[in-house]
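The values are calculated or read from the model by the stated rules, or taken from the named source; none is laboratory data. From a predicted model like this one, the values you see are computed outputs, not experimental measurements. Using ideal geometry, Cβ is built from the backbone for each residue, glycine included, and neighbour counts are taken over all protein chains shown. These accessible areas exclude ligands, DNA and RNA; they are computed on the full protein's heavy atoms, side chains included. Shrake-Rupley method; radii C 1.70, N 1.55, O 1.52, S 1.80 Å.
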Amino acid sequence: MLDDLDARLLSEVQKNAMLTAQELGERLHLSASQAGRRRQRLEAEGYITGYTARLNPDRVGLTVQAFVQIQMATHAPDGARSFASLISTRPEIISAWTLTGEADYLLRVWCADLAGLNRLIHQVLLPHPSVSRAQSQIVMDQFKPDAALPT
């Protein structure tokens, strides 16, 4: 179980994963060694699964963010595995979910431009034998950035 200090620690490292044990201890009113041990325990127990840096999409040449809904023509296990394998190889697909409802999958993608999104849909996704339909929604503006998980 997580106690209040664990929840606060998780909140702090989601805001800034580069905090030293000393800085984390100061924020939690713990010694650096206590804060470091707590963080190590939360990592070992799978609460913290990794650390990443958030990049500015514009600075790295990505100007089009879109969500692509995929409907499958068949739900055979081999087709689903093949599609999942395809998705895992495409760096422009940054996350993917299986869904209930009309669409079977929802993909979040970042592309350099509209031509790149068009190529992804028409040359990669639609030619897959299990895919029957792809519908995209281009993001006009993201007014709330990706947030930390509530703790």
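Which FRET efficiency, nearest 0.05, do residue 15 and residue 41 yield, Cβ-Cβ r, R0 22 Å?
Details: r = 20 Å, r/R0 = 0.89.
Calculated transfer efficiency: 0.65.
Where does each of 110-117, 46-53 land if you order them by average Cβ count within 10 Å, highest first? Don't jump to the answer; show the numbers that get you there.
Values: 110-117: 15.6, 46-53: 9.1.
The peptides rank, most packed first, as 110-117, 46-53.
For residue 115 and residue 84, calculate 0.36 nm times their separation in residues minus their Cα-Cα distance, and state this gained length in nm to one decimal.
8.8 nm
Between residue 67 and residue 126, what is the spin-label point distance in nm, taking each point 7 Å from the Cα along the Cα→C-beta axis?
2.2 nm
In nanometres, what is the gap between the two model label sites at residue 33 and residue 151, each 7 Å from Cα along Cα-to-Cβ?
It works out to 2.3 nm between the two label points.
Under 5 Å between amide H atoms, partner at least 5 residues away or on a different chain: which partners does residue 62 have, H built in plane at 1.01 Å?
none
Please state the shape class of region 1-50: rounded when a/c is under 1.5, otherwise prolate if a/b exceeds b/c and oblate if not, all from the C-alpha gyration tensor.
Since a/c stays below 1.5, the shape of region 1-50 is classed as rounded.
Using r as the Cβ-Cβ distance of residue 5 and residue 95, and R0 as 30 Å, what FRET efficiency do you calculate, to the nearest 0.05? List each step's numbers first, then the result.
Numbers: r = 30 Å, r/R0 = 1.01.
Using R0 = 30 Å, I get an efficiency of 0.50.
Any idea what the relative contact order of the chain is, in percent, if you count C-alpha pairs under 8 Å spaced at least 6 apart?
27 percent
In the chain, how does Rg compare with the Kirkwood Rh, expressed as the Rg/Rh ratio over alpha carbon atoms? Don't jump to the answer; show the numbers that get you there.
Values: Rg = 20.0 Å, Rh = 18.2 Å.
Answer for the chain: 1.10.
Using protein chains only and a probe of 1.4 angstrom, how many square angstrom of residue 136 are accessible, to the nearest 10?
Approximately 50 Å² of residue 136 is accessible to the 1.4 Å probe.
Which cross-chain or sequence-distant (5 or more) residues have an amide H under 5 Å from the amide H of residue 132, H modelled 1.01 Å from N in plane?
Sorted by chain and number, the residues that satisfy this are 71, 72, 73.
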